[in-house]
Amino acid sequence: MHALKGNTHLCALDLSSNRIEAEGALSIASLLMYQGIGGGCHHQSRSENCNGNNMSSNNSMIVSSGNSSSSSSSRGIKTLILCDNNLLDEGVHAIATALETNQLLESLMLDDNYIGVRGLVTLANSLMKNSRLERLHLKHNSFTSLSPLITCLFNKRSLDHVVDSNHTLKYIFLDCGYSYESTELEALLKVNRLGKVEARRTKVAMYLEEDLNSRLFTTMDDNNVLDYNAKLCPHVLSILAQCGSIHGVFGVVRNLPSAIFTTTTQCDGDYDDEDGMTGLCMDEDNDCMEVEYL
């Protein structure tokens, strides 16, 4: 694969039905990592089909491409097809590690590679650090549960984990037979298809509304105490109002500590919220009642 590192034409690479295995996957991962740190560049793009050439892990190192007259622009490989290559969990581990830094690849096909639960967990964990991949093919593999993929898209361990979930993977192609789990997975993929920002806000609303009291408040001396910084209140309310339900908004407001509404803070006029929106304090003396934004 080292010959492809200097390639400025290739946007799609089909290496399906070869004998790449785990050792060859390391070479492919090296290419993905190189492109992920800016090794690629803008140029005309093309695709290279090496399907069924019976390439071993050794000669997968010398794949190169010719010139092209295509007018598409690309900085590296955006579609990678590795179906039927006996990658196993070890090979998928190498590819998954590369995905953590590669922000160019948009479509990855890993059908028929004997991927077990260990490989799926590794892949799912890495995808939580990837914000580019949109299509993932995993048909005819060995894992029996989709739980790692569901957690990747909607990690409900904490509010921070929800925010850090994957919000960009839009399509996962799987075998039939995962009835309940596949319904849940498809629902989350539909949320991701709303776009990254909207998907993140929707999942935060979903997480909070599952159990507002326990996830936002702690009871101390018969009083509700926020489990997060008070500066988040306006943002939480905005998310629930836009993506959740009116019941969720009322649930938060009803339980807010009274101190939030009575604390006077000195503001400096303008502020920026998390989404880059600028607000303006209208009080001439900049001595106003406010709940600060992030």
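For the reader, a short list of remarks on this structure follows.
- Yes/no for Ser158 being in contact with a helix residue (DSSP H, G or I) (Cβ under 9 Å, 6 or more places away or on another chain) and either at pLDDT below 90 or hydrophobic (A, V, I, L, M, F, W, C) (or both): yes
- Thr183 vs. criteria assigned to a helix (DSSP H, G or I), of a type in the set (Ser, Thr, Tyr) and open to solvent by 60 Å² or more (accessible area, probe 1.4 Å): yes
- Lone unmet requirement of (1) over 12 Å from the mean Cα position of the chain (by Cα); (2) more than 21 Å from Ile20 (Cβ to Cβ) for Asn113: (2)
- Near pairs, Cβ below 8 angstrom, 6+ apart or cross-chain, from the range 186-198 (at negative phi) to any residue that is among the polar types (S, T, N, Q) and in a loop (DSSP other than H, G, I, E, B): Asn192/Asn166; Asn192/Thr168; Lys196/Ser131; Lys196/Thr168
- Selection count where residues are surrounded by fewer than 20 Cβ atoms within 10 Å (Cβ to Cβ), modelled with pLDDT of 95 or more and part of a helix (DSSP H, G or I), scope the range 192-208: 1
- Residue list for the range 101-119, filter: open to solvent by less than 30 Å² (accessible area, probe 1.4 Å) and polar (S, T, N, Q): Asn102, Ser107, Asn113
- For Leu108: the one exception among (1) at pLDDT 95 or above; (2) of a type in the set (A, V, I, L, M); (3) assigned to a loop (DSSP other than H, G, I, E, B): (3)
- Test: Thr122 is part of a helix (DSSP H, G or I), closer than 18 Å to Met206 by Cα and open to solvent by 30 Å² or more (accessible area, probe 1.4 Å): no
The values are calculated or read from the model by the stated rules, or taken from the named source; none is laboratory data. A quick note: this is a predicted structure, and the numbers were derived from the prediction, not measured. So basically every Cβ, Gly included, is an ideal-geometry build from the backbone, and we count neighbours across all protein chains shown. Keep in mind that these areas ignore ligands, DNA and RNA; they rest on the heavy atoms of the full protein, side chains included. Shrake-Rupley method; radii C 1.70, N 1.55, O 1.52, S 1.80 Å.
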